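Structure, as structure tokens:
Every read-out reported here was derived from the displayed coordinates using simple, explicitly stated rules and does not represent laboratory data. All values reported here derive from a predicted model rather than from experimental measurement.
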Amino acid sequence: MTRRVPRRRDGADRPLAATFLRNAAGFHHGAEAVLARHHEGARYFLAIAIELALKAYLLDRGISDDWNRVYLRHDLVKALRYARRAGFTDALTKLPELAALLSPYYKVHAISEMSPEAIASVCWTEACTTVRDLIGAVAEAARRRVSSDEGAA
């Protein structure tokens, strides 16, 4: 049985969103640091960074952490879809492909079981750049939202 958690849209949890985004940046930096010598770890860190960045965006838009935890869990494709529904419009062309590749393995904690063909289908240095761009886009969206909120006040 699935536990129902109400979807909260009445207020954004900006401090938690900022924490998620900082953690996403930390995992991204970890991925870049280990990429040359520990590919599996880098893939895992990139998946975590994607999840945290997208959830940071949703938190900033008023979607609760409980809702994210119950309904999105570790599904990167679903998280990207809901972020887009919440207004994330930055055109990161390689992100959907990367999320689609990592998500089936990441959501069941099986990054180590990625097939050699799946691993070879991606330039992991470019994947790091894609995730860095995602983190930057989420941070910029939060800055735009804060400045528009201040302008409205």
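Within a straight-line Cα-Cα reach of under 20 Å, K55 can be paired with the following aspartates and glutamates, leaving aside sequence neighbours fewer than 8 residues apart in one chain: D10, D13, D65, D66, D75, D90, E97, D133, E140. Normalised size of the chain, defined as Cα radius of gyration per 2.2 N^0.38 Å with N residues, equals 1.04. Across the chain, C-alpha contacts under 8 Å between residues 6 or more apart give a mean separation that, scaled by the residue count, equals a relative contact order of 29 percent. Taking the helices alone, the chain has a mean residue ellipticity at 222 nm of -21500 deg cm²/dmol, built from -39,500 (n - 2.57) per DSSP H run of at least 4 residues and averaged over all its residues.
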